Amino acid sequence: MILIDCALLLSAIWAAYALRLSNWSPAITPERLILAFMAIAVAIPVFIRLGLYRSVIRYLPEAAIWTIFRAMMIATMCWVIIVFLTEMSGQGIVPRSVPVLYFVLGTLMIGSSRFAAKWVLSAGTGLRRDEEPTFIYGAGATAAQLASALRGHGNRYVMGLIDDDPVNHGRDIGGYRVFSPLDLPRLVDQYGIREIVLSMSSIPPEARQAVIARVAGLGIKVRSVPDISDIVDGRYIVNQIREIEIDELLGRSFVPPDKGLLARALSGKTVMVTGAGGSIGSELCRLIATWKPAKLILFEASEYALYKIEQELTNKGGPEIVPILGSVTDERLVRRTIRQNRIEVLYHAAAHKHVPLLEANVLEGIRNNVFGTLTLAQAATAENVSSFVLISSDKAVRPANVMGATKRWAELIVRQRAAQALQSGSKQTFCAVRFGNVIGSNGSVVPLFKQQIAKGGPVTVTDPDMTRYFMSIPEAAELIVQAGALSEGGDVFLLDMGNPVRIGDLAENMIRLAGFKIRGEDNAENGIAIQVIGKRPGEKPFEELFYNRDHATPTAHPKIMRADASTIGHQDLGGALAALQLAVDREDSGEARAILFSLIQEEGDVAQTDPLSSQRDDAEE
């Protein structure tokens, strides 16, 4: 670069004399030759000092032209001083316009040479065979920065920008043409586009959902890039372009967690989480560990799952971690663990949740989900645990399967313990938090669909018209803790799950987002097929969060509601539990199943009153 600059500066001096003297072959005298080399001797150190040789040409910013301008200005002024001194010593006269012409020509030559080299090294080579033609959806500052960052990186070649604003259509932003979204089908065919990167993280979730739905049907990959502020804050690596997650299609509005509720529930407390190695339990543990509890006890029946979460939390540092390997049905272990660690807050996430498996294993489902909850609740009462939070399920509402029925029994057990605590004047609180499916959890349909798509299909769907509620695991964990902090005792909290999602639409969107087309009547050869295999035992066509939506009441948190309290006052829960225990002990799954559902059916026959609420009101009076 120094040699090229020397040649360009000599050419600029020669051209300056030629233009001044109107002679393309000016006489080269020894005086002029010495002054020319003096100009170079002055300019190169100035260029070095101002960093013209530190910049990597491929990534030279447009603002570098001002550095070149300043460097040439300083170099020219220094040369003029030398010229003035030589004239005073009688070594010859330089026309006054030559330094001016030298400055102009030198700036043009030095600047144009660098930007020409940058163009050749980056965009000037054109689309290589190994590069994928890509469009960026968005035309703001982040999109322009992303396009510049992708230039020369990896195997993506940015063909242009897509923007919804008609004002930008046909314009160039950062050297890239802006197109209308209506032109996408034509552009995909014309340029062979294989990928669209969304650079629009700041737009509302509803608009983002509409954009993703629009581009997902084009049969190309759809990816996203984090907001530039996230990159600056260090939350993402700078070159992270990720796949669109399916929860971005749900259109859920984000509500920041109430830090006051989280701190009240966790900070300085001794907390125990059962099922600590599961999808919900492990996320609860990660959240709890960040809020500085005095101690965190991990209670888990799976040795490998317990090892993984214990190692993860220990390596991050933070509170004291105590791993406990065992089942929640082990009364002696549960009592000893709570007593020795002086547990103050208990989150009960341990449960068998796979619907078809529990239909085939009724007795084990009852042992773990019903009597495991009973064991924990009794131990929590005896050991004076301040707060007990049961993680329930939307399948507990009018259950049609063993899993849902056992979860409803667990809710009733918790409400019974809450009523007893209120009657005795205890300040203990027992509550349940009910919500639907969490994306990516163990047994969730989303990971299954991803595996099937990765293998080329088919994607198996039990019933395309079946609907389910979905929520991300981190959001569920935050809302569970906040709901526990809102408990007054005996509450059943409902998390706002948004709108239910049709399973057939979920499968189609996941296939399209992966860059494939759906094989069907219109496309019989290519793409991934969706295969309907029929409903499995115990599956409901839709899920509910409410027994009676009109009786649900809001709480201080916009995403948390308090459910109507189905009565337990006229139900002999103790007698039903004794009968259920006898059936389990006899290993009579048929009788156990009958008892399990008989209590649930009685709920629909009794009046929808809330004796617990009336007891609470009487106590307040």
Residue check for A421: assigned by TED's automatic domain parsing to the domain that holds V385 and either of a type in the set (F, W, Y) or touching a Leu at 6+ places or on another chain (Cβ under 8 Å) (or both): no
May I ask you to list pairs of residues, at least six apart or on different chains, whose Cβ atoms are under 9 Å apart, with the first in the stretch 573-587 being in contact (Cβ under 8 Å) with a residue 40 or more places away in the chain and the second being in a loop (DSSP other than H, G, I, E, B) and surrounded by 10 or more Cβ atoms within 10 Å (Cβ to Cβ)? none
When you scan the stretch 78-95, do you find a residue that is assigned to a helix (DSSP H, G or I), outside the structural domain of L150 (by TED's automatic domain parsing), in contact (Cβ under 8 Å) with a residue 40 or more places away in the chain and within 60 Å of the chain's Cα centre (by Cα), even just one? yes
Anything in the stretch 293-306 that is out of contact with any Asp or Glu (no Cβ under 8 Å at 6 or more places or on another chain), touching a residue at least 24 places away in the same chain (Cβ under 8 Å) and farther than 17 Å from I338 by Cβ? List them, or say none. S302, Y304, A305
Check the stretch 22-34 and report whether any residue there is under 30 Å from A144 (Cβ atoms), in the same structural domain as A117 (by TED's automatic domain parsing) and in a helix (DSSP H, G or I). no
Criterion first (at pLDDT below 95, surrounded by fewer than 18 Cβ atoms within 10 Å (Cβ to Cβ) and in the same structural domain as P474 (by TED's automatic domain parsing)) does S267 satisfy it? yes
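For (1) surrounded by fewer than 19 Cβ atoms within 10 Å (Cβ to Cβ); (2) in contact with a Cys (Cβ under 6 Å, 6 or more places away or on another chain); (3) at pLDDT 80 or above; (4) at negative phi, each residue gets a yes or a no:
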| position | (1), (2), (3), (4) |
| --- | --- |
| L390 | no, no, yes, yes |
| K395 | no, no, yes, yes |
| A405 | no, no, yes, yes |
| S424 | yes, no, yes, yes |
| R434 | no, no, yes, yes |
| G440 | yes, no, no, no |
| K450 | yes, no, no, yes |
| V461 | no, no, yes, yes |
Can you tell me which residue within the stretch 183-230, out of those that are of a type in the set (S, T, N, Q) and modelled with pLDDT of 70 or more, is surrounded by the fewest Cβ atoms within 10 Å (Cβ to Cβ)? Q190
Search the stretch 136-150 for residues that are farther than 15 Å from F179 by Cα and pair each with any residue that is assigned to a helix (DSSP H, G or I) and modelled with pLDDT under 70 when their beta-carbon atoms are under 6 Å apart and the residues are at least 6 apart or on different chains. T142/I228
Sort out which residues of the stretch 1-54 are in contact (Cβ under 8 Å) with a residue 12 or more places away in the chain and polar (S, T, N, Q), and write them in order of number. S11, T29
May I ask you to verify whether V492 is among the β-branched types (V, I, T) and either outside the structural domain of L357 (by TED's automatic domain parsing) or modelled with pLDDT under 75 (or both)? no
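The values are calculated or read from the model by the stated rules, or taken from the named source; none is laboratory data. Since this is a predicted model, take the numbers as computed values, not measurements. For neighbour counting, all protein chains shown are included, and Cβ atoms are generated from backbone atoms with ideal geometry for every residue, glycine included.
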